[in-house]
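Okay, structure first, notes after.
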Amino acid sequence: MRRIAATVLALALALPPGTATAADSPSPFSLSGFGTLSAVRTDKDNRIFRSSTLQDSGAGTSVDLSVDSVLGLQGSFKFSESLDLTVQSVVRKGTADNYSPQITWNFIRFLVTPALVIRVGRTRAPFFMYSDSLNLNYTIPWVRPPVEVYSLNPFSNLDGIDALYRLPLGNMDLELHAYGGKSDLKIRDGSGKLQATRGIRAAVSTSGLTAQVGFAKSNLALNWGGSFFTSLSNQLEATGNGHLRNEISGFDSKTTFISTGFQYDKDKVLIVGEYAMRTVDRYTTSSVGWYLTSGYRFGPLTPYVTYARQAEVSTDISATTGVPGLDSSIELFNALRNKAQRSIAVGLRWDAARHIAIKTQLERVQPGPRGLGIFLSDDFRDNANPGGPIHVLTLSTDFVF
């Protein structure tokens, strides 16, 4: 499948859109692209801002161009009226500051009926309302989706099969999306896998309003590494608390993910809200997140304000050992996994030209309690004492072509 995907992208790049294979016959290839050029800085050098928990570095008091910048290409090949192949490749900063191109879409689509579509291969895991638009920042109002919600589930790709069924209901449209598959990723000092993922999402849309709800279950493997985890693991074994080690890293966690959201976008008014909940029985925290955005259009300008929050529901290890130094290490380990924070953001989107949007956003972020939220620090002990608020300023240009 990867070889086919690479061939489709190569041919799509070689043939400009609209190339004809015969007289009056359009090309079976199509090609599009998108990108973001972004600059981010904060007002605290010892609090490094990231747009994703997969990033190992980010923005401090010096301007950073890597946090949100992205470039993507998407190519399609149409075999027939009912069968086509879509491939999307994206370059952006990932784990260990890696900029290698990643295949984010790679699926064959079957149009079974005008209402039913089946896709096989790699798609976006539809855990969030804007999952299909991840990396395509031009289509969203903010400089980035609110991290208080979108950091709850860093698994963005799904290798498997899904089915989409669309049905008109009076003046509304209903879409049902069932899916199953697996996903894996590299994280800071570790790796993760979702196995036997299965879920369903339902969405309704009418004039200016879209609402959706989704539910997913999966088997989670989460393997931590690094010096701190190794030290804690050895201490647990040495003090007769080895059973707790199986609570912080391994291959056998059950997880569920619930999300719901809405978007009202009509005339000059924009209101968007989303809520998500991650529940796990081990290896990381169970958490909830939500946000609410309100905006108003003045011609090409759309100012907006967003309030967002993520809160911890349960810790990684809730038990204590009675060994003071070890319990302090457990508390710090839990804080490292906790991404709780709250923020308020004001922003402005300017649709400067066709297919070009310039945005600026200022956020006041209060990390914690008991964690640094999306931020990093050179001293991991700061996770236990996150301190006061951090201000994050972003200027970005989004484009599609």
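The values are calculated or read from the model by the stated rules, or taken from the named source; none is laboratory data. Being a predicted model, the structure only gives us computed values, none of them experimental. All Cβ positions, even for glycine, are placed from backbone atoms using ideal geometry, and neighbour counts span all protein chains on display.
Being of a type in the set (Asp, Glu) and within 22 Å of TRP350 (Cβ to Cβ) is the filter; apply it to segment 254-303 and report the residue that is modelled with the highest pLDDT.
Pass one, segment 254-303, residues of a type in the set (Asp, Glu): 265, 267, 274, 281.
After this cut, where a residue has to be within 22 Å of TRP350 (Cβ to Cβ) as well, the list is 265, 267.
Working: ASP265: 97, ASP267: 94.
Per the stated criteria, the residue is ASP265.
Within segment 139-154, is even one residue of a type in the set (Ser, Thr, Tyr), under 28 Å from LYS78 (Cα atoms) and modelled with pLDDT of 95 or more?
So the first thing to find is which residues in segment 139-154 are of a type in the set (Ser, Thr, Tyr), and the list is 139, 150-151.
Filter again for under 28 Å from LYS78 (Cα atoms), leaving 139.
With modelled with pLDDT of 95 or more added as a condition, the list becomes 139.
Checked against the condition, which is being of a type in the set (Ser, Thr, Tyr), under 28 Å from LYS78 (Cα atoms) and modelled with pLDDT of 95 or more, segment 139-154 yields at least one hit.
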Here the residues within segment 349-382 that are aliphatic (A, V, I, L, M) and touching a residue at least 24 places away in the same chain (Cβ under 8 Å) are ALA352, ILE356, ALA357, ILE358, LEU362, VAL365, LEU372, ILE374, LEU376
Residue list for segment 23-36, filter: surrounded by 15 or more Cβ atoms within 10 Å (Cβ to Cβ) and either closer than 26 Å to PRO389 by Cβ or not small (Gly, Ala, Ser) (or both): PRO28, PHE29, LEU31, PHE34, THR36
From (1) surrounded by 14 or more Cβ atoms within 10 Å (Cβ to Cβ); (2) outside any helix (DSSP H, G or I), pick out the condition that doesn't hold for LEU236. (2)
Taking only segment 56-68 into account, find how many residues are in contact (Cβ under 8 Å) with a residue 40 or more places away in the chain, surrounded by fewer than 22 Cβ atoms within 10 Å (Cβ to Cβ) and within 14 Å of VAL91 (Cα to Cα). 0
Can you tell which of SER396, SER329, SER318 is of a type outside the set (A, V, I, L, M), surrounded by 14 or more Cβ atoms within 10 Å (Cβ to Cβ) and modelled with pLDDT under 90? SER329
From the list GLY181, GLY160, pick out the single residue that is among the small types (Gly, Ala, Ser), in contact with an Asp or Glu (Cβ under 9 Å, 6 or more places away or on another chain) and surrounded by 19 or more Cβ atoms within 10 Å (Cβ to Cβ). GLY181
So which residues in segment 76-101 are over 25 Å from GLU274 (Cβ atoms), among the aliphatic types (A, V, I, L, M) and touching a residue at least 40 places away in the same chain (Cβ under 8 Å), if there are any at all? LEU85, VAL87, ALA96
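In this structure, does ARG370 turn out to be under 24 Å from GLY60 (Cβ atoms) and either over 26 Å from the mean Cα position of the chain (by Cα) or in a strand (DSSP E or B) (or both)? Break it down stepwise before answering.
Details: under 24 Å from GLY60 (Cβ atoms): yes; either over 26 Å from the mean Cα position of the chain (by Cα) or in a strand (DSSP E or B) (or both): no.
In short, no.
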Under 7 Å between Cβ atoms, which residue pairs at least 6 apart in sequence (or on different chains) link something in segment 152-170 that is without any contact (Cβ under 8 Å) to a residue 24 or more places away in the chain and over 30 Å from ALA308 (Cα atoms) with a partner that is assigned to a strand (DSSP E or B) and β-branched (Val, Ile, Thr)? none
Filter segment 376-401 down to residues that are more than 17 Å from ILE344 (Cα to Cα) and hydrophobic (A, V, I, L, M, F, W, C), then give me how many there are. 6
Please list, ordered by first then second residue, the pairs with beta carbon atoms under 6 Å, 6 or more apart or interchain, first in segment 303-329 and in contact (Cβ under 8 Å) with a residue 12 or more places away in the chain and under 29 Å from PRO141 (Cα atoms), second surrounded by fewer than 18 Cβ atoms within 10 Å (Cβ to Cβ) and of a type in the set (Val, Ile, Thr). VAL305/VAL346; TYR307/ILE344
Scan segment 102-118 and give yes if some residue there is more than 30 Å from GLY368 (Cβ to Cβ), touching a residue at least 40 places away in the same chain (Cβ under 8 Å), of a type in the set (A, V, I, L, M, F, W, C) and part of a loop (DSSP other than H, G, I, E, B), otherwise no. yes
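Return the only residue of SER80, SER89, SER76 being under 28 Å from TYR165 (Cβ atoms), surrounded by 17 or more Cβ atoms within 10 Å (Cβ to Cβ), more than 14 Å from the chain's Cα centre (by Cα) and at pLDDT 95 or above.
None of the others qualify; the one that does is SER76.
Can you spot a residue in segment 341-356 that is closer than 18 Å to GLY58 by Cβ and touching a Phe, Trp or Tyr at 6+ places or on another chain (Cβ under 6 Å)? Spell out how you get there, then give the answer.
Filtering segment 341-356 for residues closer than 18 Å to GLY58 by Cβ gives 341, 343, 345.
From what is left, the residues that are touching a Phe, Trp or Tyr at 6+ places or on another chain (Cβ under 6 Å) are none.
Scanning segment 341-356, I find no residue that is closer than 18 Å to GLY58 by Cβ and touching a Phe, Trp or Tyr at 6+ places or on another chain (Cβ under 6 Å), so the answer is no.
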Within segment 244-256, is even one residue closer than 30 Å to ARG381 by Cβ, surrounded by fewer than 15 Cβ atoms within 10 Å (Cβ to Cβ), free of Cβ contacts under 8 Å to residues at least 12 places away in the same chain and among the polar types (S, T, N, Q)? no
